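Engineer: This is the structure, below, for whatever I ask next.
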Amino acid sequence: MNAIEVKNLTKQFGDLTAVNHISFEVEKGEIFGFLGPNGAGKTTTIRMLTGLLTPDSGDIFIDGVDIRKNTIKAKMKMGVIPEMGNIYVDLTAKQNIIMAGRFYGISKRELDKKADSLLEQFGLYERKNDPVRTFSKGMKQRVNVASAIVPDPEILFLDEPTSGLDVQSQRLIRNIIKEMNQKGTTIFLTTHNIEEANILCERVGIINKGKIVAIDAPERLKRTFDKTQSVEISFHKMIDGSLIEKSGLASRMEKLGDKWKFYTDNPDKLTKYLVRFAEDQDLTIISMNICGASLEDAFVKLTESKDYAD
Ligand SMILES: Nc1ncnc2c1ncn2[C@@H]1O[C@H](COP(=O)(O)OP(=O)(O)OP(=O)(O)O)[C@@H](O)[C@H]1O
Ligand SMILES: [Mg+2]
């Protein structure tokens, strides 16, 4: 049995079809990423999956339980980390975690122990008795995640869990996600951070304008767009990229910070040309990489053109 099964799910807001007849399955034990640009319908979908929003049509089964018929039973199986968080800022970090656990009927003593161990794990132990109001954004999000995982849910839903956080907090949260998954929790997360989907998810679904345009493993999605290869190069000083483009070996170029990225269908020829160019111009090459298609390239291709969505 699948952890999540969605059939023909649709949600309309006035004239806008935010989610348009989407269907997919998430296997037990999987980390599934739901990837899409702003306004694609990710939050609307996750709100329906977690019983916060009623669909106009379609079916949702959580571990075999129809969420519309048996909302409480389905909800007992899940931990949810919503886009805006669901913590109470006037309560302390520990009180928030304890309150979240009560809903699932965990005993007081067990909950107290568990809350302390989570606070420790999330680096919040010293601040556990401070009201969350006094926390930074990253600290609040840690409380959010800790509260959602206190009952050891079978399925964890996260809506952009690392958005706007620093690298340390992002890593902490990603590690928790991986740990939970290793213990058997199915993960459904939305993100527009492609790298996050790439490193965390076994499969990703890409949603654009309410429709699913692709579902596959990240590496396979990349391979669909194999032809886009590129060479990334940086010299000890910035050069005029059009000098390279003139060679006719690059179809497109892009300046990325202190580097140039040249798209090509012949990376071998282009790299040799770049080496000769550096010698002629007396330039030191600091770095040079041949890059295959990235998940970002696939994502942009899938979400830019309307043809894919229809
Ligand atoms: N309660 C609402 N009332 C009216 N329109 C809504 C409502 N909620 C969402 N929408 C619209 O539905 C569309 C999808 O929104 P949604 O929040 O699901 O996008 P998202 O993929 O989560 O985007 P983001 O990456 O910005 O969080 C948007 O056009 C949005 O304006
Ligand atoms: Mg959203």
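Engineer: Length gain on complete extension for the stretch T224 to Q182, per 0.36 nm per residue less the alpha carbon to alpha carbon distance?
Structural biologist: 12.2 nm
Engineer: Which residues among region 237-258 fall inside the zone where the amide N is under 11 Å from a point 7 Å beyond the Cα of K269, along Cα→Cβ?
Structural biologist: 247-251
Engineer: Here's another thing I want to ask about it. Which of rounded, prolate, oblate describes region 121-240, given a ≥ b ≥ c as roots of the alpha-carbon gyration tensor eigenvalues and a/c under 1.5 marking rounded, otherwise prolate only if a/b is larger than b/c?
Structural biologist: It comes out oblate by the Cα gyration axes.
Engineer: Using only Cα atoms, what Kirkwood radius does region 5-73 have, in angstroms?
Structural biologist: 12.5 Å
Engineer: Right, something else. Report, as a whole number in µm² per second, the diffusion coefficient that Stokes-Einstein gives for region 229-291 at 20 °C and 1.002 mPa s using the Kirkwood radius over alpha carbon pairs.
Structural biologist: 189 µm²/s
Engineer: Provide the gained length on full extension for the span S136 to D152, in nm with one decimal, where the gain is 0.36 nm per separating residue minus the Cα-Cα distance.
Structural biologist: Full-extension gain reported as 3.2 nm.
Engineer: Can you compute the FRET efficiency between E27 and D59 using 1/(1 + (r/R0)^6), with r the Cβ-Cβ distance and R0 = 22 Å? Round to the nearest 0.05.
Structural biologist: Calculated value: 0.80.
Engineer: Here is a follow-up. If amide hydrogens are placed 1.01 Å from N in the peptide plane, which non-local residues have theirs closer than 5 Å to the one on C291?
Structural biologist: Residues meeting the criterion, in which the H sits 1.01 Å from N, are S230, V231, E232.
Engineer: At a Förster radius of 22 Å, what calculated FRET efficiency corresponds to the Cβ-Cβ distance of S251 and N38, to the nearest 0.05?
Structural biologist: With a Förster radius of 22 Å, E is 0.15.
Engineer: Are any of the pairs K77/K108; K209/K255; K222/K259; K11/K69 more than 25 Å apart by Cα-Cα distance, and if so, which?
Structural biologist: Long pairs (Cα-Cα over 25 Å): K209/K255.
Engineer: Moving to a separate point now. Looking at the chain, send over the antiparallel percent of its DSSP beta bridges, to the nearest 5.
Structural biologist: That works out to approximately 65 percent antiparallel.
Engineer: Let me ask something additional. Where only protein heavy atoms count, and the probe is 1.4 Å, what is the accessible area per residue for the chain in Å²?
Structural biologist: I get 50 Å² per residue for the chain.
Engineer: Under the Kirkwood approximation for Rh and a Cα-based Rg, what ratio Rg/Rh is obtained for the chain?
Structural biologist: 1.07
Engineer: Counting other Cβ atoms within 10 Å, keep those with at most 15, restrict to DSSP loop, and tell me which trypsin sites (Lys or Arg not before Pro) in region 7-93 are left.
Structural biologist: For trypsin sites (Lys or Arg not before Pro) across region 7-93 that sit outside H, G, I, E and B with at most 15 neighbouring Cβ atoms in 10 Å, the list reads K28, R68, K69.
Engineer: Further, regarding this structure: Please compute the modelled spin-label separation between S163 and F103, points set 7 Å along Cα→Cβ, answer in nm with one decimal.
Structural biologist: Output for this residue pair reads 2.0 nm.
Engineer: Cα axis of helix 167-182 to longest principal axis of the chain: angle in degrees, 0 to 90, nearest 10?
Structural biologist: Long axis of 167-182 versus the principal axis of the chain: about 60 degrees.
Engineer: As I understand it, the value is the acute angle between the Cα axis of helix 108-121 and the longest principal axis of the Cα atoms of the chain; what does it come to in degrees, rounded to 10?
Structural biologist: Rounded to the nearest ten degrees, it is 20.
Engineer: In degrees between 0 and 90, to the nearest 10, how far off the longest principal axis of the chain does helix 137-149 point, with axes built from Cα atoms?
Structural biologist: On a 0 to 90 degree scale, this one is about 50.
Engineer: In addition: Working out 0.36 nm times the residue gap between M288 and K237, then minus their Cα-Cα distance, what length gain in nm do you get to one decimal?
Structural biologist: Separation in residues times 0.36 nm, less the Cα-Cα distance, equals 17.0 nm.
Engineer: Going by amide H atoms built from the backbone, whose H comes under 5 Å of the H on A214, apart from near neighbours?
Structural biologist: Under 5 Å from the amide H of A214: I206.
Engineer: Another question, if that's okay. Quote the charge dipole size of the chain about the Cα centre in Debye, to the nearest 20; the model charges only the Cβ of Lys and Arg (+1) and of Asp and Glu (-1).
Structural biologist: 840 debye
Engineer: What is the spin-label model distance, in nm, from R276 to E83 if the labels are put 7 Å beyond Cα along the C-beta direction?
Structural biologist: Result: 5.3 nm between the two label points.
Engineer: Assuming R0 = 30 Å, what is the FRET efficiency of L52 and K113, from their Cβ-Cβ distance, to the nearest 0.05?
Structural biologist: That gives a FRET efficiency of 0.50.
Engineer: Also: What number, in nm² with one decimal, is the all-direction average of the projected area of the convex hull of the alpha-carbon atoms of region 161-310?
Structural biologist: Quarter of the Cα hull surface area: 11.2 nm².
Engineer: In terms of modelled amide H atoms, which long-range or inter-chain residues lie less than 5 Å from the amide H of V80?
Structural biologist: F157
Engineer: Between D216 and T17, what is the label-point separation in nm under the 7 Å Cα-to-beta-carbon projection?
Structural biologist: 2.4 nm
Engineer: Now for a separate question. May I ask you to list the GluC sites (Glu not before Pro) in region 176-270 that are in a DSSP loop and have at most 14 other Cβ atoms within 10 Å of their Cβ?
Structural biologist: none
Engineer: How many angstrom lie between the C-alpha centres of region 63-83 and region 124-161?
Structural biologist: 20 Å
The values are calculated or read from the model by the stated rules, or taken from the named source; none is laboratory data. Small disclaimer: the values here were computed from a predicted structure and weren't measured. FYI the Cβ positions are ideal-geometry reconstructions off the backbone, even for glycines, and counts take in every protein chain you see. We work out accessible area using only protein heavy atoms, side chains counted, and drop any ligands, DNA or RNA first. Shrake-Rupley method; radii C 1.70, N 1.55, O 1.52, S 1.80 Å.
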